[in-house]
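Q: Have a look at this one before I ask anything.
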Amino acid sequence: MNRIEERMKQLREKKEKAFITYITAGLPDLAATKELLLAQERGGADVVELGIPFSDPIADGPVIQEASYRAISNGATVKGIFSMLEEARAEGLSLPIVFMLYYNTVLHYGVEAFVKRCGEAGVDGLIIPDLPYEEQEEIRQFLDVTEQTILIPLVSPVSGERIPMLLEQARGFVYCVSSMGVTGQSADFHKEVEPYLRTVKDATELPVMMGFGIRTAADVKPLQNLIDGAIVGSHLIRLLDENDFAPQIAEDYCREFKRALNQSSL
Amino acid sequence: MNQKAYYGAFGGQYVAESLMNTLDELDRAYEQAVRDPAFLKQYHYYLKQYVGRETPLYFAERLSEKYGMKLYFKREDLNHTGAHKINNVIGQILLAKRMGKKKVIAETGAGQHGVATATGAALFDMECTIFMGEEDIKRQALNVMRMEMLGATVVSVRSGSNTLKDATNEAIRTWAKTAEDTFYVIGSAVGPYPYPKIVKEFQSVISREAKRQIVEAEGRLPDVVMACVGGGSNAIGMFAEFIGEEDVKLIGVEAGGKGIETGEHASAMAKGTPGVLHGMRSYLLQDEDGNIQLAHSISAGLDYPGVGPEHSYLRDCGRAEYVTVTDVEAMDALMELCRVEGIIPAIESAHAVAYALKYASGQREKLGAQKAAQQVMVICLSGRGDKDVNTISDYLAGKGYLN
């Protein structure tokens, strides 16, 4: 069982909902990113998605596009991010970490070498928004060897009949995209969001997380019986940007969201 | 493996999960359409009566004399809207209508594909939005005005390098949001499967005509077929009917910008490595960390850091050869074609002309004048240069150019 699965099991036992965040690695720099990871762990985040900045992030809205651009301009590289995570692990970070990245970053590094490095550095999962099920065979052959890093399945409101196929080999959790389009739009979930989440729930034993367009626990309250957790990205990045990326802000935000999320489910 | 989507190791469908059903629906609709005689009849009707096909295969007598080889130009510049782009747009918009879509979106670099899409949208009464990089909007103000006159909304894209690559990213993002009622008209032989296949089919009219025309004129197939390559739509259309004719040499000409050695160029196949961008796996210009690099070319239409996946395949299996021509060489050839033949080509097409002249001179040295004079070359003149007069005048005035 890897760190994500371990955490999901604990949450299930405690009947708690998961709070998952996304931050862009290297914004404003890698030292700050390390502090933000440690702060989020203190604040009670269950998983952190670490965005690996890419020049052409087609699944992301303006906030993460801008964040990626700035991180790259400030010198963030994949190799540097791996080393930063290794240091954070050495300093006691035990939080499950998922890399959210585009497939070209993996290909350019070398798929086999990348997967191996994920294992060494303590990357527990990968979310690759431009790698649909049909194109996953190449990376799966290596992930299946190490078994340390999980490929998190993404499901969309229009996945429909594809859902059983997407979830068949899935581990960790399911990432349900709340609306069509890109990250960081307003919390206008897809009009069919409820039947969609119900279909996903029926198709899997795995916890179901929802992301895209979420800012507060109140945004997901109407759906609390259908999801096992919420993912916040663009909103957190904006908040951090407005507050000089102070670790305390990240810690407080995580603590409050996690509390409200679980209070609202009582 | 997702085999049908690949040309050797290239192609595929590297898009968000939310677009996979859309791509599948598109593929099925396309396969039905191209087997439906009524659809084909309609497509060919508009190509003939609206676009003005067939286009001539013009024997450039004076240029042939001067460079010592028989040079024929496939005159795609004479199409309505001024380039080959309209061939594909008519096909895709008819397909969009057939699928019941009411809106179309497109990306554009030089603006030729944007103008063609806006034209098709006006003709078939569809709502049209064109994504164009802020930098390209400045370079191609005339085409922006054309699109707006035709009723399209032009969205200025301000992200990354503010050029074609970024306009394409934004078009893909918008498509992911709106695919339920919106058709994405891709202008080049790029993108996720089935787009490279669709664009090739709708552009192959170029080589179907050219093959028949050259056999009529010369009684045989050409020795060489040449076209410029950005994403590669005119080239794949020009090559299509000749790929199976092994004695015909296929040459694609990429933009060498300020020179390959300067790093400021747009030659994905000369210096690129395989990667994933815009839904496809193909040769790309990228840095040591896998970020996509800026392409540089005096020609906005070739200013793209990738190339269509079938070209990557044709390169790797050796069926086609890809070469580069610099900005300066292209501009010299452009002026040469103006003065010797009275044709103002698009700067994109001038790249193919430049290498054609270089190749002809090389053959004369290699084979001797007599033998070289018997060789036949067909060059795709993909577009006309009217849109480029501002760039040309800045260049001639020694002011350089944007980008």
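Q: Using only the Cα atoms of segment A:3-259, what semi-axes does the equivalent ellipsoid have when each is the square root of 5 times a gyration tensor eigenvalue? Give whole Å, largest first.
A: 25, 22, 18
Q: Hey, rough spin-label estimate for B:E61 and A:E120, points 7 angstrom out along Cα→Cβ, what's it come to in nanometres?
A: Reported label-point gap for B:E61 and A:E120 is 7.0 nm.
Q: Assuming R0 = 25 Å, can you tell me the calculated FRET efficiency for the pair A:V145 and A:E35, based on Cβ-Cβ distance, to the nearest 0.05?
A: On the way: r = 33 Å, r/R0 = 1.34.
The pair A:V145/A:E35 has a calculated efficiency of 0.15.
Q: Follow-up. Could you compute how fast segment A:13-64 diffuses translationally, taking Rh as the Kirkwood radius over C-alpha pairs and applying Stokes-Einstein at 37 °C with viscosity 0.692 mPa s? Give it in µm² per second.
A: For these conditions, the coefficient is 264 µm²/s.
Q: Would you please calculate the Kirkwood hydrodynamic radius of segment B:77-129 over all C-alpha pairs and express it in Å, rounded to one decimal?
A: Roughly 10.9 Å, rounded to one decimal.
Q: Still on this structure, I have one more. Bin width 10 Å, alpha-carbon pairs only: give the P(r) of the protein assembly as shown as whole percents, running from 0 to the bin holding the largest distance.
A: 3, 16, 25, 23, 16, 10, 5, 1, 0, 0
Q: Between segment B:160-236 and segment A:2-77, how many Å separate their Cα centres?
A: Rounded to whole Å, the Cα centres lie 39 Å apart.
Q: Still on this structure, I have one more. Could you sort A:65-78, B:354-367 so that the peptide with the highest average Cβ count within 10 Å comes first and the rest follow in order? Can you show the working numbers first?
A: Numbers: A:65-78: 20.3, B:354-367: 18.8.
Descending mean neighbour count gives A:65-78, B:354-367.
Q: Buried accessible area between A and B (1.4 Å probe, both chains summed, ligands and nucleic acids excluded), in Å² to the nearest 100? Could you put the intermediate results ahead of the total?
A: Details: alone 11740 and 15760 Å², together 24500 Å².
Using a 1.4 Å probe on protein heavy atoms, the buried area is about 3000 Å².
Q: Summing -39500 (n - 2.57) over the DSSP H runs of n ≥ 4 in chain B and dividing by its residue number, what mean residue ellipticity at 222 nm do you reach, to the nearest 500 deg cm²/dmol?
A: Here the helix-only value at 222 nm equals -13000 deg cm²/dmol.
Q: Okay, next question. Under a cut-off of 28 Å between alpha-carbon atoms, report the lysines in cross-link reach of A:K17, not counting same-chain residues fewer than 8 places apart.
A: Cα-Cα hits under 28 Å: A:K9, A:K34, A:K191, A:K201, A:K221, A:K258.
Q: Mind checking which lysines have their Cα closer than 20 Å to the Cα of B:K366? Skip sequence neighbours fewer than 8 apart in that chain.
A: B:K66, B:K70, B:K249, B:K358
Q: Relative contact order (percent) for segment B:184-295, with alpha-carbon contacts under 8 angstrom and 6 or more residues of separation?
A: Relative CO of segment B:184-295 lands at 21 percent.
Q: Now for a separate question. Compute the whole-percent fraction of alpha carbon pairs in segment B:1-116 spaced more than 19 Å apart.
A: Values: 4256 of 6670 pairs.
In whole percent, the long-distance tail amounts to 64.
Q: If I model a spin label as a point 7 Å beyond the Cα along the Cα-Cβ vector, how far apart are those points for B:R35 and B:A9 in nm?
A: 3.4 nm
Q: Shifting gears a bit: Using DSSP to define loop residues, name the chymotrypsin sites (Phe, Trp or Tyr not before Pro) in segment A:152-192 whose beta-carbon has at most 14 other beta-carbon atoms within 10 Å.
A: Here no chymotrypsin sites (Phe, Trp or Tyr not before Pro) fit, given the DSSP loop and packing criteria.
Q: Can I ask one more? To make sure I understand the rule: partners must be lysines, Cα under 24 Å from the Cα of B:K48, and not fewer than 8 residues away in the same chain. Which ones qualify?
A: Answer for B:K48, where 24 Å is the Cα cut-off: B:K74, B:K85, B:K97, B:K197, B:K200, B:K211, B:K387, listed by chain and number.
Q: What is the magnitude of the charge dipole of segment B:126-187 about its Cα centre, with +1 placed on the Cβ of each Lys and Arg, -1 on the Cβ of each Asp and Glu, and no other charges, expressed in debye to the nearest 20?
A: Charge dipole of segment B:126-187: 200 debye, to the nearest 20.
Q: Compute, for the protein assembly as shown, the length of the dipole vector about the Cα centre, with Cβ point charges of +1 (Lys, Arg) and -1 (Asp, Glu) only. Units Debye, rounded to 20.
A: With Lys and Arg at +1 and Asp and Glu at -1, about 1340 debye.
Q: At 1.002 mPa s and 20 °C, plugging the Kirkwood radius over alpha-carbon pairs of segment B:221-285 into Stokes-Einstein gives what diffusion coefficient in µm²/s?
A: My calculation gives 164 µm²/s for D.
Q: Another one. So if I restrict to the alpha-carbon atoms in segment A:105-223, what is the Rg, and what is Dmax, the biggest pairwise distance, in Å?
A: Spelled out, the Cα radius of gyration and Dmax of segment A:105-223 are 15.3, 43 Å.
Q: Count charges around B:H278 for me, please; just the other residues with Cβ under 12 Å from its Cβ, Lys/Arg as +1, Asp/Glu as -1.
A: So the environment of B:H278 carries a net charge of -2.
Q: How much FRET efficiency would the formula 1/(1 + (r/R0)^6) give for A:R255 and B:K102, where r is the Cβ-Cβ distance and R0 is 45 Å, rounded to 0.05?
A: Details: r = 48 Å, r/R0 = 1.06.
The computed FRET efficiency comes out at 0.40.
Q: Within 10 Å of each Cβ in peptide A:176-183, how many partner chain Cβ atoms are there on average? Round it to a whole number, please.
A: Mean partner-chain Cβ count within 10 Å for A:176-183: 4.
Q: Oh, and also: Give me, ordered by chain and number, the residues 5 or more places off B:E254 or on other chains with an amide H under 5 Å from its own placed amide H.
A: B:V229, B:V323, B:T324, B:V325
Q: Return, for the Cα atoms of chain B, the radius of gyration and Dmax in Å, separated by a comma.
A: Rg then Dmax for chain B, in Å: 19.7, 61.
Q: Find, among the trypsin sites (Lys or Arg not before Pro) in segment B:17-47, those assigned to loop by DSSP (not H, G, I, E, B) with at most 16 other beta-carbon atoms within 10 angstrom.
A: Passing sites in segment B:17-47 are B:R35.
Q: Under a point-charge model restricted to the Cβ atoms of Lys and Arg (+1) and Asp and Glu (-1), what is the dipole moment magnitude of chain A relative to its Cα centre, in debye to the nearest 20?
A: Working: 26 positive and 40 negative charges, 138 e Å.
Computed charge dipole of chain A: roughly 660 debye.
Q: Taking K and R as +1 and D and E as -1, what net charge do the other residues with C-beta under 13 Å from the C-beta of B:G82 add up to?
A: Charge balance near B:G82 sits at 0.
Q: Then there's this: Can you tell me the alpha carbon radius of gyration of segment A:33-91 divided by the globular rule-of-thumb value 2.2 N^0.38 Å?
A: Normalised Rg, Cα atoms only: 1.21.
Q: Additional query: Could you check the simple spin-label distance between A:N74 and B:S156, using points 7 Å along Cα→Cβ, in nm with one decimal?
A: 2.8 nm
Q: Still on this model: Between B:D394 and B:K48, what's the calculated FRET efficiency when r is the beta-carbon distance and R0 is 30 Å? Round to 0.05.
A: 0.20
Q: May I ask for log10 I(q)/I(0) of segment B:136-192 at q = 0.22, 0.28 Å⁻¹, from a Debye sum over the Cα atoms as equal point scatterers with solvent left out?
A: For segment B:136-192 at q = 0.22, 0.28 Å⁻¹, log10 I(q)/I(0) is -1.06, -1.29.
The values are calculated or read from the model by the stated rules, or taken from the named source; none is laboratory data. All of these numbers come straight from a predicted model, not from anything done at the bench. Backbone-built Cβ (ideal geometry, glycine too); neighbour counts: all protein chains shown. In case anyone asks, the SASA skips ligands and DNA or RNA and just uses the protein heavy atoms, side chains included. Shrake-Rupley method; radii C 1.70, N 1.55, O 1.52, S 1.80 Å.
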